[in-house]
1. Within the stretch 34-49, can one find any residue that is at pLDDT 95 or above, more than 18 Å from Val93 (Cα to Cα), charged (D, E, K, R) and over 15 Å from the mean Cα position of the chain (by Cα)?
2. Quick one: how many residues across the stretch 19-34 are hydrophobic (A, V, I, L, M, F, W, C) and either open to solvent by 80 Å² or more (accessible area, probe 1.4 Å) or without any contact (Cβ under 8 Å) to a residue 40 or more places away in the chain (or both)?
3. Just one of Asp106, Asp82 is modelled with pLDDT of 95 or more and over 23 Å from Ser7 (Cβ atoms); which is it?
4. Which condition number does Asn10 fail, the rest of (1) touching a residue at least 12 places away in the same chain (Cβ under 8 Å); (2) surrounded by 12 or more Cβ atoms within 10 Å (Cβ to Cβ); (3) within 28 Å of Met125 (Cβ to Cβ) being met?
5. Inside the stretch 19-31, can you point out the residues that are out of contact with any helix residue (DSSP H, G or I) (no Cβ under 8 Å at 6 or more places or on another chain) and assigned to a loop (DSSP other than H, G, I, E, B)?
6. How many of the residues in the stretch 12-60 are closer than 23 Å to Val81 by Cα and either in contact with a Pro (Cβ under 6 Å, 6 or more places away or on another chain) or among the β-branched types (Val, Ile, Thr) (or both)?
Amino acid sequence: NVIMPGSYNNAIWQAFRAFKYVLCVTNDILFEYHEILAMRYNNLIANAVLKELMESPNVELINPTFRFNLITADPDDNKFVDCAIIAGATYIVSNDRHFKELQNYDFPKVEVRNLADFLNIVKTMFY
């Protein structure tokens, strides 16, 4: 169990491992996941998590061919927006405040949920 027991992150990770939702990612997103996990834990754990993601049947690797550039406050966050739009994802799940900027756009509409809300959605739909 890589993620801290009792945290939202752990519960969401366990729901992922139980195939309760599909995770859409790009190569850039995977690189960012690795970077964050390596900083928070270590390279060994980051590599193990990425290996599990890449081998999981509930991960969709998306290759966006268009950049929407909807987030101006932190343009690096656009990789998540582009992935979600191209994949037709239901939500972007993040506690990052920069995603609030997406409320300014009627099209393309991208729903954002924080970790607590997403955990409640997952529990309500699948448990």
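The values are calculated or read from the model by the stated rules, or taken from the named source; none is laboratory data. Not measured: the values here are computed from a predicted model. All Cβ positions, glycine included, derive from the backbone under ideal geometry; neighbour counts span all protein chains shown. Only protein heavy atoms, including side chains, enter the accessible area calculation; ligands, DNA and RNA are left aside. Shrake-Rupley method; radii C 1.70, N 1.55, O 1.52, S 1.80 Å.
1. Looking for residues that are at pLDDT 95 or above, more than 18 Å from Val93 (Cα to Cα), charged (D, E, K, R) and over 15 Å from the mean Cα position of the chain (by Cα), one finds none in the stretch 34-49, hence no.
2. Restricting attention to the stretch 19-34, the residues satisfying the condition of being hydrophobic (A, V, I, L, M, F, W, C) are 19, 22-25, 29-31.
When the remaining residues are screened for being either open to solvent by 80 Å² or more (accessible area, probe 1.4 Å) or without any contact (Cβ under 8 Å) to a residue 40 or more places away in the chain (or both), the result is 19, 22-23, 30-31.
Result for the stretch 19-34: 5.
3. Values: Asp106 fails: modelled with pLDDT of 95 or more.
Just one listed residue meets the conditions, Asp82.
4. If we test Asn10 against (1) touching a residue at least 12 places away in the same chain (Cβ under 8 Å); (2) surrounded by 12 or more Cβ atoms within 10 Å (Cβ to Cβ); (3) within 28 Å of Met125 (Cβ to Cβ), just (1) comes out false.
5. Of all residues in the stretch 19-31, those out of contact with any helix residue (DSSP H, G or I) (no Cβ under 8 Å at 6 or more places or on another chain) come to 19, 22, 27, 31.
Listed by number, the residues that qualify are Phe19, Val22.
6. The number of residues fulfilling the criteria is 8.
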